[in-house]
1. So what does the Cα-only Debye profile of the protein assembly as shown read at q = 0.05, 0.06 Å⁻¹, as log10 I(q)/I(0), no solvent term?
2. Applying 1/(1 + (r/R0)^6) with R0 = 41 Å to the Cβ-Cβ distance of B:Ile173 and A:Asn111, what FRET efficiency is obtained, to the nearest 0.05?
3. Let me see the pair-distance distribution of region A:37-295: every alpha carbon pair, 10 Å bin width, integer percents in order.
4. With the radius of gyration and the Kirkwood radius both derived from the Cα set of chain B, what is their ratio Rg to Rh?
5. Between B:Tyr38 and A:Thr82, what's the calculated FRET efficiency when r is the beta-carbon distance and R0 is 51 Å? Round to 0.05.
6. Within straight cross-link reach of A:Lys241, meaning Cα distance under 14 Å, which aspartates and glutamates are found once same-chain residues fewer than 8 apart are removed?
7. Pull up the cross-link candidates among the aspartates and glutamates for A:Lys272, meaning alpha carbon to alpha carbon under 13 Å and not fewer than 8 places away within one chain.
8. If amide H atoms are built 1.01 Å from N in the plane of the peptide, which residues on other chains or at least 5 residues away come under 5 Å of the amide H of A:Gly243?
Amino acid sequence: MKKNIVYIGSLLLVLGSIFTACGPEARLDMVGMFAGTSPKIDERFEESKVYNDQHGFTTLQAPVDDYRVYVCTDTHVTKTQTRWTYFIDTYRQDPLCPVAVHLGDIIDAQNYFDEMYSAYQAVPLNPAKKDTLMAVAGNHDIYFKQWPEYIKYFKTCYYYFVVETPSGKKDLFVVYDSADGTVGSKQLQWLRETLEWADKQDFRHIVACTHTHFFKRDGSQGHTSNYTQEETYALLNLFEKHGVDMVWSGHDHSREITQVKDMTCIVVDSMKDEDKKPFYMLVTMGEKIDYEFISVADVR
Amino acid sequence: MKKLFLILTLVSLLTSSMVMAQVQPGDTQYAVSLHAGYGHNLTYGSYANFDIDAYLPINKHFDMQANVRTSTANVHTMGVQLRPKFALPVGELYVEDRLMLRFVSRDSFRDFVHALSVGYMMQYVNVQVGISNRIITPLPYTNHSEDGMILEPFDAVYRVEAFVRPQSAVWNISLCVSNMDNYQVERMWQPMFYLGGWYDINEHWRVRISGKMKLAGMFHLNAHYYGAELRAGAEYRF
């Protein structure tokens, strides 16, 4: 009798967990842990390539040589979007900012893309300037079969953009998809070709932007996974060899700055509405790249 | 922190050496094995591995193992495991002290891992859990300070392995999930899946074959194939 109670109790617990994990209000796609429900990276690459081939890549004009880039990550938008809209409003009001970057996990789980986009649209535009928000796919953005929704709003998962300053200096920003913990073989080849092409140009700085972080240096990464080791070293070597100055990533929810030879790898803090220590990163792209972290803890 | 890590590593090595110095050779068998393997992953494409392993039982309470792998992917590994063990009424409890040095020459990195774990081996099941730490060093390493090193001070290692027959059987098949093997210690959220088996031809020769599957993004909750390896070889016991 005792055994039966334990057995039935365990069974109910397991079934309850599966139901909670897979139901309409679920936050975590437990099925995706073993069999990804969004297309794998090489398929996402191919789908994005169609868009990239048709539309090409963007060159933005900076208002000054020492312009600013606003960088945030892991907003995990749900039913509230307070800090997400604050971030949009802040970079839109800055006359020195031609572009902002979101490093992934824009939404928290399924069904929140519409809320995220409505909130984005609701923030008043600044008529005095034109600005752009560049996005990176995070794992929360694509699991639960959310890839079709992601691409509906953001069109592509890999691209680069160039920011040109009034004196003709150019900075290259390479954006790549690591939303399922790998860059895959096709995107890796694209990264190689893009950085080889960049070697022949006269870029002032090269910055790589993605979601997944390279290292597992402290306890904050207890809940987040990395690339495989093979890919960690391959990407670091590739970036370092081609003179990438910085790699910006998120995923960890906690800031970490690691120097790898001449390259600085920055993990930016998360900016969820529920976070007690939320920050975004304000970068000044000048002769050297300066960055500081701005708290949004008071934004509630 | 890095100094503490080095001190802990030295202390654990010293402790193991002391244990070794106190034990006498037993009657268990030494073994040398040679394996070749084919692998594929999204980063390297196809590659081949060649492994030499030596198993050195010092006595019934202590054994050690040395592993060397060279790969056409230009990744080369050497490792040593020191394993004090204690027989229980059922099964065997062991402590494993694993040191591993990998030269990821293709990408100019060196990776040194120390893993300390506790395991419980039974006839049908082997379970192991512990902690690991890692020092990543970009190559060439010309700066003799700590600045060039990246320390990952705390991570977990684990292994859960099940056998279809008792381990003393002439042939066996095993299923395993672990984030470490003799040639790689991955981060804790990067499990690897193994299917393997052996057959004892006679008292000296054993043939082994095993497969390994690595998924990417399991804990990104969008898991997909990353890589696989097939490995086969022979072991000579004497």
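Each value in this text was obtained by applying a stated rule to the coordinates, not by laboratory testing. Remember, predicted model here, so these are calculated numbers, not experimental data. Every residue, glycine among them, receives a Cβ derived from its backbone with ideal geometry; neighbour counts consider all protein chains shown.
1. Log10 of I(q)/I(0), two decimals: -0.23, -0.34.
2. 0.40
3. 7, 33, 40, 19, 1
4. My calculation puts Rg/Rh at 0.96.
5. 0.45
6. Partners found: A:Glu193, A:Glu196, A:Asp199, A:Asp262, B:Asp107.
7. Of all the aspartates and glutamates, those that pass the test against A:Lys272 - Cα under 13 Å, at least 8 places apart if same chain - are A:Asp74, A:Asp105, A:Asp108, A:Asp252, A:Asp298.
8. Answer set, sorted by chain and number: none.
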